[in-house]
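Here, each number is a calculation from the coordinates, and none is a lab measurement. If you're wondering where the values come from, they're calculated on a predicted model, not measured in any experiment. Because the Cβ atoms are built from the backbone with ideal geometry, glycine has one as well, and the counts that use them run over all protein chains shown.
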Amino acid sequence: MNGQADEYLQAKRQVEALVVADNVNMQKYKEGLISAIELHTSSNRLLESRISELNAKLKYYLKSNLVNYYKGESYIKE
């Protein structure tokens, strides 16, 4: 389960880095230093990393609940 937590933290860090990169690229686009295609590519990378982060978060949540279930806790918490 630690591996899944590490994967989630890695994905979270990647999103944070790509948010900064996307903001920089947006500013460059406004100044005319990069094309719309490069801006679109940067935004797509950010979107894909956010998808990966959500996927890793969901996997971590499911695996931690499964471990708790095997420990005898209820799978559905009220």
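Laid out as a table, the results:
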{"read-out": "Residue selected from the range 25-74 under the condition assigned to a loop (DSSP other than H, G, I, E, B) and under 28 Å from Ala5 (Cβ atoms), by the criterion farthest from the chain's Cα centre (by Cα)", "value": "Gly72"}
{"read-out": "Subset of the range 2-17 that is surrounded by 13 or more Cβ atoms within 10 Å (Cβ to Cβ) and under 16 Å from Ser42 (Cα atoms) - its residue that is nearest to the chain's Cα centre (by Cα)", "value": "Val15"}
{"read-out": "Enumeration of residues in the range 63-77 that are surrounded by 10 or more Cβ atoms within 10 Å (Cβ to Cβ) and either touching a residue at least 40 places away in the same chain (Cβ under 8 Å) or among the small types (Gly, Ala, Ser) (or both)", "value": "Lys63, Ser64, Val67"}
